[in-house]
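The values are calculated or read from the model by the stated rules, or taken from the named source; none is laboratory data. Quantities reported herein were computed from a predicted structural model and do not represent experimental measurements. We place every Cβ from the backbone using ideal geometry, glycine too, and count neighbours over all the protein chains shown. These accessible areas exclude ligands, DNA and RNA; they are computed on the full protein's heavy atoms, side chains included. Shrake-Rupley method; radii C 1.70, N 1.55, O 1.52, S 1.80 Å.
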Amino acid sequence: MSDVVAERDSRVVHAVVLSGGASRGAYQIGVWKALEEAGVRCSVVSGASIGALNAALMAMNDLERGERTWLGLENRQIFSLNVETLKAMQRKGAEVLDAWKRDRWEEALAGVFKAFEEWKEKGLFDLNPLRRIVEEEIDPDLVRRSGIDCYVCHHRNGKIEYPNLRELNRKECFDVLTASCVLGFLYPVLFRDGDAMGHAPAGTLPLEPVRSRGADIVWVVHLDPAGKPAHGAGRFFTFNLYPSCNFAQDITGGYLVVKTSVLKDWIQCGYADMIDLIEDIKAKTKLEVMSDWVLRSNQSKIAEILERTGASSPQEVEEARKRARAAMDSL
């Protein structure tokens, strides 16, 4: 597999985009392993939610550490219920029930809304185990020295941001990584400098950083088999990878699974799926791969090319062709 990207042009920028998906993120470790074996060296990684944590692990360039982190989750109590929330819900529930029995409907309804707001503020799960994992497994100094740009997708006061971990101090790194993984209602709201921080909207694919970074080939790793495919908008090659494994291990759809044997299976599935994708790419000629994207020069097809790539003019298509030729030389 090491010849997949042999003799690649050093000017070509490979990037990986990792979607969110909680425990399903184990799959992305297997994908990383396959890329490593194939000789694909990414200079840009971008992730949302658990994909952000995996992006940081990738930026540290330590695959063994990444596997060890995931296979040790079963003993880390990452999904421990927040005792304060449970006590508050019990107290509020008793108050609502008492008001209901006394036919105080408005008071009971108001109590329900207050309980909901308190749950939202405190979160269902204790944040401390997640924060400990971030602080113990991620080394911002290694990320900074790696030369790999690592972008973390999260929201700050409702606005999506993509900070580069290499440009942040240690505490800021931990804050944005934790915030990216914090899904509303499941974990308490995070604040930094008075600003609320948290999980980006579900389904967010952090493509913007790799686009602005000038990536030529982007490997997009989905954790939702039905996720919408990403496109390069005429600016870069995009290979979308979807999981073939069955995530339906429990009523949560596999999002809260921490059993080591299951996570190990998902890592292996990610590895196998990426190997299959790479083999599929290798089986095609360069011309066939280019034809799959935007490189047909027949002017009668220009409207179709513009629609497929999102390019706004024939000039952008021509520019895309030049970039694509250089990118294909790396495959």
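Compute, for residue 255, the solvent-accessible surface of its heavy atoms (probe 1.4 Å) with the complete set of protein chains present, and express it in square angstrom to the nearest 10.
90
Leaving ligands, DNA and RNA out of it, rank 218, 13 by accessible area with a 1.4 Å probe, largest first. Don't jump to the answer; show the numbers that get you there.
Working: 218 0, 13 20 Å².
The ranking, largest first, comes out as 13, 218.
Rank these residues by their accessible area, most exposed first, probe 1.4 Å: 245, 153.
On the way: 245 30, 153 0 Å².
Descending accessible area places them as 245, 153.
Between their Cα atoms, which of 87/114; 159/228; 122/159; 122/228 are more than 25 Å away from each other?
Values: 87/114 14 Å; 159/228 22 Å; 122/159 22 Å; 122/228 32 Å.
Flagged as over cut-off: 122/228.
Which value in Å is the Kirkwood Rh of segment 45-95 over different Cα pairs?
On the way: mean 1/r = 0.0737 Å⁻¹.
In segment 45-95 this quantity evaluates to 13.6 Å.
Note down the net charge around residue 61, summing +1 for each Lys or Arg and -1 for each Asp or Glu among other residues with Cβ under 10 Å from its Cβ. Mind dumping the intermediate values first?
Numbers: positive: 41, 65, 145; negative: 36, 62.
Result for the local shell: +1.
What do you reckon, how do 199, 14, 231 stack up by accessible area (1.4 Å probe), largest on top? Please report the intermediate quantities before stating the final value.
On the way: 199 45, 14 5, 231 110 Å².
So the residues, ranked largest to smallest area, are 231, 199, 14.
Sequence-distant or interchain residues sharing an amide H contact under 5 Å with residue 190, placed H: which?
197
What does the C-alpha gyration tensor say about the overall shape of segment 184-223? Classify as rounded when a/c is under 1.5, otherwise prolate if a/b is larger than b/c, or oblate. Display every interim value, and only then the final one.
Working: a/c = 4.77, a/b = 1.88, b/c = 2.54.
Oblate shape, in that a/c is at least 1.5 and b/c is the bigger or equal ratio.
For segment 139-226, what does the alpha-carbon gyration tensor say about shape, rounded, prolate or oblate, given a ≥ b ≥ c as the root eigenvalues, a/c under 1.5 as rounded, and a/b over b/c as prolate? Write out the running numbers ahead of the final one.
Values: a/c = 1.91, a/b = 1.15, b/c = 1.66.
Oblate, because a/c is 1.5 or more while a/b does not exceed b/c.
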